[in-house]
Amino acid sequence: MRIDVVSIFPSYFDGLTLSLLGKARESGILDLRIHDLRDWTSDRHRTVDDTPYGGGAGMVMKPEPWALALDDLAAGSDRPTIIFPSPAGEVFHQTTARELSEREHLIIGCGRYEGIDERVFEYAASLGEVRLVSLGDYVLNGGEVAAMAMIEAVGRLIPGVVGNPDSLVEESHEDGLLEYPSYTKPSTWRDRAVPGVLLSGNHAAIAAWRREQQLARTESRRPDLLKD
Ligand code: SAM
């Protein structure tokens with residue numbers, strides 16, 4: 001999969017050379033390219049923002065650098081999926097990550113200031129499928145942290161990125177429930193014992209216990225998930 005990220009702070013993404021995603025990049029499973037939006041400006045100050053029409057606080061990202069960046073990055077690609085992190089977008093879920101992990105080419109445009117000139121989203125729709133995606137109901141300073149969260153959630157679903165694919169299946173949100181509790185050695189630690197069923201070797205009983213725990217935990221922590 002190819003992912004292009006456009007940001008005015010490309011060094012935010014330096015951490016994506018580490019761990020599983022770093023290995024996926026080295027092996028070529030993930031072709032992650034980070035770009036500086038200012039490379040598509042033409043003035044001496046490499047300006048990417050201007051004052052908002054209609055007045056108001058803050059600055060808005062100018063449309064032309066974005067259009068030039070998208071033109072370049074979408075060229076030769078068959079309608080890429082163009083994601084703009086936005087607190088005003090659809091909320092990012094595990095199902096979104098799964099859906100996006102099946103795409104061949106994602107372009108992620110990270111906004112800053114008060115956001116990006118609205119016409120950029122219309123323009124982007126002429127080049128690919130546009131998704132405005134929110135990490136949750138709060139406001140970040142920019143799209144970079146949201147983009148990193150999405151890249152990690154999507155990237156680990158690409159076949160070959162996580163060594164044991166079974167570990168993806170049993171995780172929180174994969175079946176609409178939270179994951180069951182996990183324990184490792186020692187079996188008793190600081191007077192706390194691991195639930196006996198996990199030491200029983202009875203796989204059916206372990207599976208039943210885990211399912212009960214998933215339901216109980218989801219009911220107490222995230223009852224909203226059970227409605228679905
Ligand atoms: N004025 C915008 C609004 O009220 O919707 C918020 C702009 S925010 C300060 C700057 C940028 O941060 C946005 O363009 C977006 O890229 C990113 N951002 C902020 N909160 C986000 C969230 N919850 N999810 C995804 N991106 C977010």
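The values are calculated or read from the model by the stated rules, or taken from the named source; none is laboratory data. Computed from a predicted model, the values in this text were never measured in an experiment. Glycine gets a Cβ as well: all are built from the backbone with ideal geometry, and neighbour counts include every protein chain shown. Calculation scope for accessible area: heavy atoms of the full protein, side chains included, ligands and nucleic acids excluded. Shrake-Rupley method; radii C 1.70, N 1.55, O 1.52, S 1.80 Å.
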Expected vector for the stretch 63-74, Karplus 3J(HN,Hα) from phi with 6.51, -1.76, 1.60 and θ = phi - 60°, integer Hz, x for Gly and Pro, equals x, 5, x, 5, 5, 5, 4, 5, 4, 5, 6, 8
HN-Hα couplings for the stretch 136-144 via Karplus (6.51, -1.76, 1.60; θ = phi - 60°), in whole Hz with x for Gly/Pro, come out as x, 7, 7, 10, 9, 6, x, x, 4
Taking protein heavy atoms only, a 1.4 Å probe, and rounding to whole percent, the accessible area of the stretch 1-111 owed to carbon and sulfur comes out at 50
Percent relative contact order for the chain, counting Cα pairs under 8 Å at least six residues apart, stands at 20
Answer in debye to the nearest 20: the dipole magnitude of the chain about its Cα centre, from +1 Lys/Arg and -1 Asp/Glu charges placed on Cβ, is 860
Taking only the Cα positions of the stretch 123-186, the convex hull volume per residue in Å³ is 178
For the stretch 104-181 the mean separation of alpha carbon contacts under 8 Å (6+ apart) over residue count, i.e. relative contact order in percent, is 25
Magnitude of the Cβ-charge dipole (Lys and Arg +1, Asp and Glu -1) of the stretch 1-136 about the Cα centre, nearest 20 debye, reported as 320
Ranked output for segments 78-88, 37-47, 171-181 by mean other Cβ atoms within 10 Å, highest leading, reads 78-88, 171-181, 37-47
Taking a probe of 1.4 Å and leaving out DNA, RNA and ligands, the chain shows per residue an accessible area in Å² of 58
Burial-style ranking of 201-207, 115-121, average other-beta-carbon count within 10 Å with highest first, yields 115-121, 201-207
Taking the square root of 5λ for each eigenvalue of the C-alpha gyration tensor of the stretch 126-228, the equivalent ellipsoid has semi-axes, largest first and in whole angstrom, of 34, 17, 15
Relative to the compact-globule estimate 2.2 N^0.38 Å (N residues), the Cα gyration radius of the stretch 43-116 stands at a ratio of 1.32
Expressed to two decimals, the stretch 1-153 has a Cα Rg over Rh, using the Kirkwood radius, of 0.95
In whole percent, the fraction of accessible protein surface over the stretch 148-228 that belongs to carbon or sulfur atoms, probe radius 1.4 Å, stands at 51
To the nearest 20 debye, the stretch 1-73 has a Cα-centred charge dipole, built from +1 on Lys and Arg Cβ and -1 on Asp and Glu Cβ, of 200
Under the helix-only model (-39500 (n - 2.57) for each DSSP H run of 4 or more, divided by the residues of the chain), the mean residue ellipticity at 222 nm, to 500 deg cm²/dmol, is -9500 deg cm²/dmol
